[in-house]
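Presented below is the structure to which this report refers.
Taken together, the values in this text are just the output of simple stated rules run on the coordinates, not laboratory data. Note that the coordinates shown come from a computational prediction; the quantities given were computed from them, not determined experimentally. We place every Cβ from the backbone using ideal geometry, glycine too, and count neighbours over all the protein chains shown.
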Amino acid sequence: MTTGVTVAVVGAPNIAKELGKRGTESDITLYNTVTEGHATTLVEPTQFPEKFAPLLTALAMADHCLLVVAELSRPVAETIATVEMSGAPTTVVLGPAVGEPELARALKGGRLESAPRVPLDLPKLRELVESWKAPRVEGPVRVPIDHSFPVKGVGTVALGVVRVGTLHAHDRLRLWPTPKVLDIRSIQVHDIDRKEAECGERVGVALKGVDADELSRGQVLAPEGALAEGAELRGSRFVRCRYYRGDAGAGAAVHVSHGLQVVPAEIGEVGPSGARVTADRPLVRMVGSSAYLIDLSVPAGPRLIGSFAVEG
């Protein structure tokens, strides 16, 4: 039985490429390594800090996070603030140019204050990430799509990680949030044909019933009835980013990030009593998963407003 894990490598560029072989490239870059049946996918938010979404995308894809602090700069401060609010188990990697006292001040008061810390030693980091495994989550299969493209002689191919359950060739799944129902024609895991893929494994799936230009990041392959869709997201408890300096409130135009979806939205309510936002298009709604509000107009400080757990 093979296993897999996805690791976000954030805070410093050019670290992930030392830990794996370059794969898919877009606003994020994926690096891969396979050792004794265990596959590690490393995700680097390549276009951050110019764009904020790649950072949230990398964290949303991750089972674990490597936060590399090679310097204390404004982008690193924003990265720390964002990782602090994410749920991914995090190991802090301390570069030689940053002292322990400086790092302690930067992390004080948040969940990362007690996170494991290791020095920036590439061979040891490689051993560390290859020892991690994705948690096994039972239930109806769920595969969020992060990239897609047409392949001559094959058709439409989507890439993603099996997040829940087991994916089987010839499964018939809905493409959430659309009404389309698709057939899984074939599955590959790191270029090897497979009849099934387990939770945690990164797959390439050939799809029947859809063109590549109909696919977009954040759509989810899952059985009919397994998820929900809608433009409105609600939560009863809103957690504000303690470093956010903007004043986005009711009526403000923001972006919402939920799963791998990042879309424009309007705040209906945000405060101690809860949050309600309306996106400009239907979203896959995953009850219990976090939604993050983003303010791209803020002149200084983190662009992350805060987060809430989506309720049904």
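Under 16 Å Cα-Cα from K133, which aspartates and glutamates qualify once same-chain neighbours fewer than 8 residues away are excluded?
By straight Cα distance, K133 reaches E36, D63, E198, E201.
What's the Kirkwood radius of the chain in Å, using all Cα pairs?
One decimal place: 20.0 Å for the Kirkwood radius.
Over 5 Å intervals from 0, what percent of Cα-Cα pairs in segment 3-131 sits in each interval?
2, 11, 23, 25, 21, 12, 4, 1, 0
Which order, highest average first, do 60-68, 303-311 follow once you tally other Cβ atoms within 10 Å for each residue and take the mean per peptide?
Descending mean neighbour count gives 60-68, 303-311.
Sorted by mean Cβ packing within 10 Å, highest first, what order do the peptides 250-258, 104-112, 159-167, 6-14 take?
Result, highest mean Cβ count within 10 Å first: 6-14, 159-167, 250-258, 104-112.
What does the helix-only formula give at 222 nm for the chain: each DSSP H stretch with n ≥ 4 adding -39500 (n - 2.57), the total divided by the residues, and the result rounded to the nearest 500 deg cm²/dmol?
That comes out to -3500 deg cm²/dmol.
Averaged over every viewing direction, what's the projected area of the C-alpha convex hull for segment 134-283? Give it in nm², one decimal, please.
10.3 nm²
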